[in-house]
Amino acid sequence: MALPQGFIEELHEKNDIVEIVSSHVELKRFGRLFRALCPFHSEKTASFTVYPDTQSFYCFGCGVGGDVITFVMKQENFDYMSAVRFLSERAGLMIPDDDGDDESHRRRKIYDANKTAARFFYASLNSDEGRDARGYLRKRRLSDSTIKRFGIGYAPPGWRNLYETMLSQGYSEQVLMYSGLCGKGKKGAYDIFRNRIIFPIIDLSGNVAGFGGRSMGEGAKYINTSETSVFRKRRNLYALNIARKSSERSMILVEGYMDVISLHQEGLDNAIATLGTAITPEQARIISKYSDEVVLAYDTDGAGKSATNKAISVFRKIGIPTRIPDLSGSKDPDEFIREHGVENFKIRISKSGSSIDYELSKARENNPVELDSGVAFLREATAIISSSDMKAEREIYAGKLSEEFNVDKNTIMTMIERAGRRRYKRDSEEMVFKASDIKKRFDFSSSMKMQLGSVASEQRLISLFFLNPDLVKEYSEELEENFFKSKHVSEIYEELKKAVESGNFFGIGSLSGRISEGAMNMLTKSISEPELVNFSREDVEFYIERIRTFNNKLDFNDVIEMDSNELRDHLESKRNEVKDRNE
Ligand SMILES: [Zn+2]
């Protein structure tokens with residue numbers, strides 16, 4: 001980012017993180033810090049923590065952390081510049097002119113090029129060339145006003161229609177390349193979208209982020225804009241810009257553009273789709289901001305069924321209930337509505353069961369009762385029911401099964417609880433890493449310190465550097481090149497050094513937007529460790545030596561028992577050995 005650091009510093013001074021966060025969640029004070037239920041994942045006990053001292057936040061539940069800008073980015077689903085703009089307006093600050101060549105400038109250029117391209121596609125659809133495409137859309141029963149509302153267009157056949165048009169309007173070839181509208185081959189530049197119906201993908205700020213194209217001839221049936229600075233398939237959702245304003249507090253997740261559009265045309269303005277990929281946790285989190293429940297209406301084929309199963313588990317992890325309507329007999333929601341009408345579709349939704357009902361009916365199909373009077377089914381069913389967090393819900397299902405199979409309800413509840421424990425054990429095995437982390441946090445003693453791995457040592461050292469920037473000046477000469485091996489730590493170190501050396505360091509905000517999301521999460525977590533407050537110079541030396549030990553690949557067992565003096569001597573002798581060998 002090319003914004004002057006002085007401005008970013010002022011932005012942080014005028015936007016206190018406690019104030020900003022507390023306008024979104026209810027903060028409770030605990031000594032020097034604040035806690036709240038995390039706005040980014042669903043939880044019952046508060047693990048989202050705000051640190052006024054470092055003006056940072058970190059969630060011990062989902063591992064997300066950052067400064068006030070990061071918080072606004074996540075909370076509002078903004079990019080970096082939009083968050084800066086938001087906070088500037090709030091504080092009454094003027095954003096200094098952006099540098100001509102920076103990332104936000106590039107993003108604006110892409111948005112601008114996309115908008116012009118969308119106009120070109122829309123005009124092409126309504127020209128002579130677009131006759132077949134119009135015929136196709138009419139056959140799919142899309143009205144003119146729907147076509148207009150979604151900005152549907154057409155990319156004519158031929159290799160350079162868009163390219164020539166955009167160039168004649170003053171766009172550079174470079175912009176066409178990095179916006180993903182054109183590619184470059186042996187014969188020069190060419191249009192990515194050719195002979196395709198075009199669906200512009202609008203982001204939450206109302207900008208055209210990218211395009212989806214449906215083939216009217218050869219080639220893959222659907223293609224999307226490749227990943228650009230403004231278009232991320234794992235983040236963007238089709239029609240979310242409209243659906244988030246729906247009066248419904250649920251969303252209907254479907255597979256494709258045409259499903260979304262025909263549902264909207266029928267008045268279901270809460271339909272959305274992913275862009276040709278399975279739903280990601282990130283997308284699920286975005287959806288959870290605008291809805292309390294998700295209806296999964298994927299295609300009814302095998303691929304659709306397995307996508308449904310995946311989506312159920314993604315949403316379950318973030319605590320959003322799902323419902324799955326039965327559309328069997330039709331291939332997708334679009335076809336269902338064409339054959340049975342929208343009212344029947346709505347009825348199917350209102351009658352649809354929870355994800356547990358859905359999984360139970362699958363289990364029923366997979367385990368025919370005739371074979372073993374239901375034993376296999378009961379085993380699978382109790383495992384499914386155990387995924388419910390609500391005891392009352394588990395009881396209801398247990399009651400139903402008890403009646404159906406004439407088995408004592410308590411027996412079934414016992415099976416459910418046992419399955420729940422197995423699930424818990426499996427989940428907690430996946431969490432071992434996290435648990436050991438927490439242990440480190442709470443009983444950190446010198447013997448534990450001796451067992452710190454290289455990554456933990458690097459994290460502690462970088463945290464001490466961050467909290468005491470004078471140390472960076474003091475030690476930067478001494479640390480050899482590529483001293484830090486962890487990607488995140490070395491990234492932080494480089495930016496930290498730059499900021500400190502140029503006199504621009506003012507805390508977490510001076511790294512915001514300069515280090516990756518992963519590095520930011522790691523840093524905000526590390527600096528929240530309470531024992532970092534009372535550090536001594538010996539600690540710094542200890543961590544440096546420890547990292548060197550790992551870097552020099554010495555035998556861990558040899559050095560584990562040494563104190564720092566012995567360690568230093570040992571290292572010295574090892575170094576001399578190496579020198580001798582080389583001479
Ligand atoms: Zn969280």
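The values are calculated or read from the model by the stated rules, or taken from the named source; none is laboratory data. Since we're looking at a predicted model, the values are computed, not measured. Reconstructed Cβ throughout: ideal geometry from the backbone, glycine too, with neighbour counts over all protein chains shown.
Brief remarks follow.
- Residues within the stretch 339-355 that are modelled with pLDDT of 90 or more and surrounded by 15 or more Cβ atoms within 10 Å (Cβ to Cβ), tallied: 6
- Matching option when the condition is in contact with a Phe, Trp or Tyr (Cβ under 9 Å, 6 or more places away or on another chain) and under 28 Å from ALA499 (Cα atoms), among VAL25, VAL18: VAL18
- Subset of the stretch 173-202 (residues that are within 17 Å of ARG108 (Cα to Cα) and either touching a Leu at 6+ places or on another chain (Cβ under 9 Å) or part of a strand (DSSP E or B) (or both)): GLU173, VAL175, LEU176, LEU181, PRO200, ILE201, ILE202
- So GLY374, is it in contact (Cβ under 8 Å) with a residue 24 or more places away in the chain and crowded, with 19+ Cβ neighbours inside 10 Å: yes
Per-residue answers, yes or no, for (1) at pLDDT 85 or above; (2) at positive phi; (3) surrounded by fewer than 16 Cβ atoms within 10 Å (Cβ to Cβ):
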| residue | (1), (2), (3) |
| --- | --- |
| ASN468 | yes, no, yes |
| LYS497 | yes, no, no |
| LEU523 | yes, no, no |
| VAL533 | no, no, yes |
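- Where helices (runs of 4 or more DSSP H) fall wholly inside the stretch 338-412, the ranges with 1 or more residues that are within 30 Å of LYS139 (Cβ to Cβ) are 342-351.
- Verdict on ARG548 being among the charged types (D, E, K, R), over 25 Å from VAL72 (Cβ atoms) and modelled with pLDDT of 80 or more: yes
- Among the residues listed as MET81, MET73, the single one being buried (at least 18 other Cβ atoms within 10 Å of the Cβ), hydrophobic (A, V, I, L, M, F, W, C), touching a residue at least 24 places away in the same chain (Cβ under 8 Å) and in the same structural domain as VAL21 (by TED's automatic domain parsing): MET81
- For the stretch 78-94, the criterion of being within 16 Å of the ligand (Cβ to nearest atom) and modelled with pLDDT under 90 is satisfied by no residue at all.
- Residues in the stretch 203-248 that are part of a strand (DSSP E or B) and not hydroxyl-bearing (Ser, Thr, Tyr): VAL208, ALA209, GLY210, PHE211, GLY212, GLY213, ARG214, ILE223, ASN224.
- Hey, VAL72 more than 30 Å from ARG108 (Cα to Cα) and more than 10 Å from the ligand (Cβ to nearest atom) or not: no
- Positions within the stretch 231-242 being more than 14 Å from GLY206 (Cβ to Cβ) and not aromatic (Phe, Trp, Tyr), in sequence order: ARG232, LYS233, ARG234, ARG235, LEU237
- Boolean, ILE384 is within 18 Å of GLY420 (Cβ to Cβ) and surrounded by 15 or more Cβ atoms within 10 Å (Cβ to Cβ): yes
- Scan of the stretch 301-330 for residues that are buried (at least 19 other Cβ atoms within 10 Å of the Cβ) and modelled with pLDDT of 90 or more, ordered by number: ALA307, THR308, ALA311, ILE312, THR322, ARG323, ILE324, PRO325, LEU327
Quick grid of which residues meet (1) away from the ligand (no atom under 12 Å from the Cβ); (2) crowded, with 17+ Cβ neighbours inside 10 Å:
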residue	(1), (2)
GLU13	yes, no
SER22	yes, no
PHE30	yes, no
ALA36	no, yes
THR45	no, no
GLN55	yes, yes
VAL64	no, yes
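Residue-wise test of (1) in the same structural domain as SER306 (by TED's automatic domain parsing); (2) among the polar types (S, T, N, Q).
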position	(1), (2)
GLY329	yes, no
PRO333	yes, no
PHE336	yes, no
VAL342	yes, no
LYS346	yes, no
ASP357	no, no
SER361	no, yes
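- Any pair with Cβ under 9 angstrom, 6 or more apart, that starts in the stretch 36-58 at a residue that is acidic (Asp, Glu) and ends at one that is more than 10 Å from the ligand (Cβ to nearest atom) and assigned to a loop (DSSP other than H, G, I, E, B): GLU43/GLY319; ASP53/ARG32
- In the stretch 203-226, the qualifying residues are those that are without any contact (Cβ under 8 Å) to a residue 40 or more places away in the chain and closer than 25 Å to SER104 by Cα, and the one that is surrounded by the fewest Cβ atoms within 10 Å (Cβ to Cβ) is GLY206.
- Checking each residue in the stretch 482-516 for being part of a helix (DSSP H, G or I), out of contact with any His (no Cβ under 6 Å at 6 or more places or on another chain) and touching a residue at least 40 places away in the same chain (Cβ under 8 Å) picks out ALA499, ILE508, SER510.
- For GLN174, the conditions (1) more than 18 Å from GLY212 (Cβ to Cβ); (2) touching a Pro at 6+ places or on another chain (Cβ under 8 Å) all hold with the exception of (2).
- Selection within the stretch 63-87 - of a type in the set (A, V, I, L, M, F, W, C) and in contact with a strand residue (DSSP E or B) (Cβ under 9 Å, 6 or more places away or on another chain): VAL64, VAL68, PHE71, MET73
- Number of the condition not met by VAL254 [criteria: (1) without any contact (Cβ under 8 Å) to a residue 24 or more places away in the chain; (2) farther than 22 Å from ARG134 by Cα]: (1)
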